[in-house]
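Here's the structure we're looking at; comments come further down.
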Amino acid sequence: MNPIEEHYLSLTRRRFFGKAATSIGAGLGALSLGSLLGGSLAHGQDNMLPQQGPHFAPKAKRVIYLHMEGGPSHLDLYDYKPELRRRFNQDLPDSIRKGQRLTTMTSGQARFPIAPSMFRFQRCENRTGGVWLSEILPHTATVANEIAFIHSMETEAINHEPGITFFQTGNQQPGRPSFGSWMSYGLGSANANLPTFAVMITQGQGNMQALAARFWGSGFLPSEHQGCKLRSSGDPVLYLKDPPGMTRVDRRRMLDLVGALNEKEARESLDPEIDARVAQAEMAYRMQMSVPELTDFSDEDEATLALYGDDVRKPGTFAANCLLARRLAERGVRFIQLYMRGWDQHGGLPAEIQLQTRAVDRAQAALIKDLRRRGLLDETLILWAGEFGRTVYSQGTLTETNYGRDHHPRAFTVWAAGGGIAPGISYGKTDDYGYNIVENPVSVHDLHATLLHTLGFDHERLVYRHQGRDYRLTDVSGRVIPELLA
Amino acid sequence: MSARWTVLALSLAAACQSGEVRDSLAPTRESAYEVVIAPILRERCVGCHGSERAKGGLRLHTPEAIRAGGSMGAVVVPGNVGASELVRRLHLALDDDEHMPPDDKPQLDAAQIATLERWIAAGAPYEGPVDGLVAPQKAPAPTKMAAADPAALSALRNELVHVQAVSQGSHALWIDFAAIAPRTDDALVERLLTPLKSQTSELALARSKVGGATLAFCGRLPALRKLDLRDTKVGDAELAGLGAQPALEELVLARTAITDASVETLLALPALRSVHLWGCQLSPDALARLRAKPTLRVDFGDTPDTVIAEVEDKPKFTSELPSPDLPPAGDPSAPVNAKCPVTGSPINPKYTRTFEGKVIAFCCPNCPGEFDTDPAKYAAKLP
């Protein structure tokens, strides 16, 4: 499209949503209307296919991003370091620390005593000689051969806010669009009755950091691309229900009447915002039906509920949100963002991390199995990642069964599975201390570039022009990692 | 559109040759150089680096020429991507004079670069397969496909049916009825898709009410590659309507009424390489017959759990391994002790004192001072 036209188009969209957000409320401002607007905004172009869409035929059509907020300990979950058991309580050697900056939570400690994981590990067969997983992930172990474990993830941030922002937007400073917003912008909606980018939050067990709504914000992209938060109690989507006393028939008549007036006005003023506004109201009307159907688990059989575990019956748990994620995926929602809070274990880690894994382990394995048997795993990309890992040395007192760990950005484990990802591999390696990467480092930009590739995008060409330059999710770097691709 | 070579493991080629039902590992048996690498070089480099011309003294049209390198020597270092000049040049900024191909020429895409890197990382072999490098299947040639009728696309959208080009520049369509699945029936599908018969490439009808008429209609869609009928009432009689649909590669029938009677129908689909049948009434015998077809991957929801190969014993904790920062034993600066004489914790070689000619190490910066208050007492605790 001509850049000048594009500019004006985005201006009008922004203005419209800015207004809509104040007049109708955040719930509606958050709805994604990509395809509807694509049709109605551009007068006369009604019949064309949307401009966006994958650059090449994608493997994955949608994403389920399981963000583990707080920074899970790679050393107690995925990065097996048996030698550390013979270095118990030794000091972290300078030759390993290499002057790495620490947070002020531990930089004042006189000693940095090595805290080997107290958990037993088991080797699960995969295509690269097996992957060692902690005993506290018994269910994840059953699907290890579907997963690509990246043991050599690194980030630049050492604190939660910039760390999460980096993973979500490709930049540590707030203000850029979230990954999900980029997908909404690039792929558009595949179900005009539901949001394109859905967000769900599970409260964790321990220390929890704030989760800012801007993590799923659309930055400078039109605000139709921002994430829509599905709440676990009360109405899943705010401001969707009709007020008491108003029936669906009343609502329909009201919409028809307003619609007729709007149409008259649109014909006279040719203002595209009017069409967009009508489309938005119609979508809200449809969501009044589609959202309750979505969140009602009564059509799930007992065996499926059992797969996810008992928690699935409690709204808002990670298990319930995983099942909801599957239902959203089935219904064509493009980007499903789950947050699991509470991985920030500075002290009492062994006890607390088990509460966390008990909440996620069965459910995340169930999600993979459930998608797989429904034929959806091949086209659904799953990412499991925290914003960083945790230190090999103990924060605070160290005993064999109790220790804490501080934030560690320099090396940690994340995993991906499903659409377009090589199943059953371990990629990258850390040193004997799980502190530095010794093989195949993966930056956040590399990860994003690789995930975009499975979704059919050349990360250098998925751009949005803002303030005179083209912005990308991967900023100015990033490399597709072929070994991670199926 | 020229054929694109990309990194694919789970492809028709791999599945065909593996002889396994589900084996995404199987590499192509063909020479990866011949089928994947040479075509990229031919398409993008050989014009300037081939038999006609040798810019920079470099030719890339034969294995010998690639091995010979250019004016500055080797450009491909087998097994070492980072040291390979050829790769370095691909990654340079477009406006860098050394960037290849020169900025006014068609560029490699990220997948092609990744492919070259993977080949070099694998030792740049000129014969035999490389894990993960296979020729992708050529998508149904979009050049032969006419553009979809705009009115038909509008009709779909008006009904809230999702429609999208499979990729930019392609006329092939992915059509998904998810938004209106509960009210999607045979009549609606036929009405909306009749004008899009030749473009419909991926069709999702999951959770809908479609039946035999839709299946018979799908049997007449020449470009239909993927069909999703999950959670529908489709049974054997309906499925038979597909006939020998020539293009269908992926079929999702999870939680449908399919039984053993559909085995023949499935085996008769010539291009079918993946079928999902979880929740269907299939006997072990019928499954075995389907799984006997080497090119077909059959998912019956019975994928076994990952094998646990080894479980570690309950860990014991010691500090017997020497710190890597410790000077080697015998070195005059090596401490004589492994435990801090003040606290009993493992020593940190950073904090030491020399006492009576011996180097003594401590656990932390505070202990040397404590030692100084009563050296004799602490020295007595040394080995």
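Quick notes
- For A:Thr155, the criteria (1) surrounded by 24 or more Cβ atoms within 10 Å (Cβ to Cβ); (2) among the polar types (S, T, N, Q); (3) in a helix (DSSP H, G or I) hold in every case but one, which is (3).
- Residue in the range B:246-261 that is nearest to the other protein chains (Cβ to nearest Cβ), counting only those that are more than 11 Å from B:Lys233 (Cβ to Cβ) and over 22 Å from the mean Cα position of the chain (by Cα): B:Ala254
- Every pair of residues 6+ apart whose Cβ atoms lie under 7 Å, when the first sits in the range A:270-298 and is of a type in the set (Lys, Arg) while the second is in a helix (DSSP H, G or I) and at pLDDT 80 or above: A:Arg277/A:Asn262
- Test: residue in the range B:282-300 that is within 30 Å of B:Tyr351 (Cα to Cα) and not charged (D, E, K, R): no
- Test: residue in the range B:311-322 that is at the interface with chain A (Cβ under 10 Å from one of its Cβ atoms), of a type in the set (Lys, Arg), loosely packed, with under 15 Cβ neighbours inside 10 Å and more than 28 Å from A:Lys98 (Cβ to Cβ): yes
- Residues in the range A:84-112 that are away from chain B (no Cβ under 13 Å) and in contact (Cβ under 8 Å) with a residue 60 or more places away in the chain: A:Gln100, A:Leu102, A:Thr103, A:Met105, A:Thr106.
- No other residue among B:Ala206, B:Ala223, B:Ala187 is of a type in the set (A, V, I, L, M, F, W, C) and not in a loop (DSSP other than H, G, I, E, B) apart from B:Ala187.
- Test: residue in the range B:167-179 that is touching a strand residue (DSSP E or B) at 6+ places or on another chain (Cβ under 6 Å), among the hydrophobic types (A, V, I, L, M, F, W, C) and touching a residue at least 60 places away in the same chain (Cβ under 8 Å): no
- Residues of the range A:124-136 satisfying the condition of being free of Cβ contacts under 8 Å to residues at least 40 places away in the same chain and not in a loop (DSSP other than H, G, I, E, B): A:Cys124
- Any hit, the range A:411-418, residues being within 20 Å of the chain's Cα centre (by Cα), within 13 Å of another protein chain (Cβ to nearest Cβ), buried (at least 24 other Cβ atoms within 10 Å of the Cβ) and among the aromatic types (Phe, Trp, Tyr): no
- Qualifying residue in the range A:464-481 (condition: more than 18 Å from A:Ala385 (Cβ to Cβ), hydroxyl-bearing (Ser, Thr, Tyr), in a loop (DSSP other than H, G, I, E, B) and in contact with a strand residue (DSSP E or B) (Cβ under 7 Å, 6 or more places away or on another chain)): no
- Condition met for A:Ala281 (part of a helix (DSSP H, G or I) and exposed (fewer than 12 other Cβ atoms within 10 Å of the Cβ)): no
- Of all residues in the range B:294-310, those being hydroxyl-bearing (Ser, Thr, Tyr) and facing another protein chain (nearest Cβ under 9 Å) number 2.
- Screening the range A:355-390 for residues that are touching a residue at least 40 places away in the same chain (Cβ under 8 Å) and in a loop (DSSP other than H, G, I, E, B) and picking the one that is nearest to the other protein chains (Cβ to nearest Cβ) gives A:Arg374.
- Looking only at the range A:284-330, and only at residues there that are of a type in the set (Asp, Glu), under 29 Å from A:Val249 (Cα atoms) and not in a loop (DSSP other than H, G, I, E, B), the one that is modelled with the highest pLDDT: A:Asp299
- Meets criteria (within 12 Å of chain A (Cβ to nearest Cβ), within 25 Å of B:Arg255 (Cα to Cα) and not small (Gly, Ala, Ser)) for B:His162: yes
- Scanning the range A:454-486 for residues that are within 9 Å of chain B (Cβ to nearest Cβ) and among the hydrophobic types (A, V, I, L, M, F, W, C) turns up A:Val480, A:Ile481, A:Leu485, A:Ala486.
- Residue match in the range A:432-440 (condition: crowded, with 22+ Cβ neighbours inside 10 Å and more than 11 Å from every other protein chain (Cβ to nearest Cβ)): yes
- Single residue of the range B:274-293 satisfying the filter (assigned to a loop (DSSP other than H, G, I, E, B) and at pLDDT 95 or above) that is nearest to the other protein chains (Cβ to nearest Cβ): B:Trp278
- Selection status of A:Leu447, under 17 Å from A:Thr169 (Cβ atoms), part of a helix (DSSP H, G or I), more than 12 Å from every other protein chain (Cβ to nearest Cβ) and at pLDDT 95 or above: yes
- Of the residues making up the range B:153-184, just one is closer than 20 Å to B:Gly219 by Cα and either in a helix (DSSP H, G or I) or hydroxyl-bearing (Ser, Thr, Tyr) (or both), namely B:Thr184.
- Among (1) within 14 Å of chain A (Cβ to nearest Cβ); (2) of a type outside the set (S, T, N, Q); (3) on the phi < 0 side of the Ramachandran plot; (4) touching a Pro at 6+ places or on another chain (Cβ under 8 Å), the one test that B:Arg207 misses: (3)
- Unique match (being under 21 Å from B:Asn158 (Cα atoms) and out of contact with any helix residue (DSSP H, G or I) (no Cβ under 6 Å at 6 or more places or on another chain)) among A:Arg313, A:Arg248, A:Arg252: A:Arg252
- Options A:Tyr393, A:Tyr433: the member that is part of a loop (DSSP other than H, G, I, E, B), touching a Leu at 6+ places or on another chain (Cβ under 9 Å) and at pLDDT 95 or above: A:Tyr433
- Residue in the range B:242-255 that is in contact with a Pro (Cβ under 9 Å, 6 or more places away or on another chain) and within 15 Å of B:Trp174 (Cβ to Cβ) present: yes
- Residue within the range B:140-152 that is without any contact (Cβ under 8 Å) to a residue 24 or more places away in the chain and in contact with an Asp or Glu (Cβ under 9 Å, 6 or more places away or on another chain) present: yes
- Subset of the range A:73-97 [in contact with a helix residue (DSSP H, G or I) (Cβ under 7 Å, 6 or more places away or on another chain) and either surrounded by fewer than 24 Cβ atoms within 10 Å (Cβ to Cβ) or of a type outside the set (S, T, N, Q) (or both)]: A:Asp76, A:Lys81
- Meets criteria (touching a residue at least 12 places away in the same chain (Cβ under 8 Å) and more than 28 Å from A:Glu161 (Cα to Cα)) for A:Arg334: no
- When B:Ala148, B:Ala110 are screened for being more than 21 Å from B:Glu34 (Cβ to Cβ), within 14 Å of another protein chain (Cβ to nearest Cβ) and modelled with pLDDT of 90 or more, only B:Ala148 passes.
The values are calculated or read from the model by the stated rules, or taken from the named source; none is laboratory data. Just so it is clear, the structure is predicted and the values come from calculations on it, not from any experiment. Note that we place each Cβ from the backbone using ideal geometry, even for glycine, and neighbour counts take in every protein chain shown.
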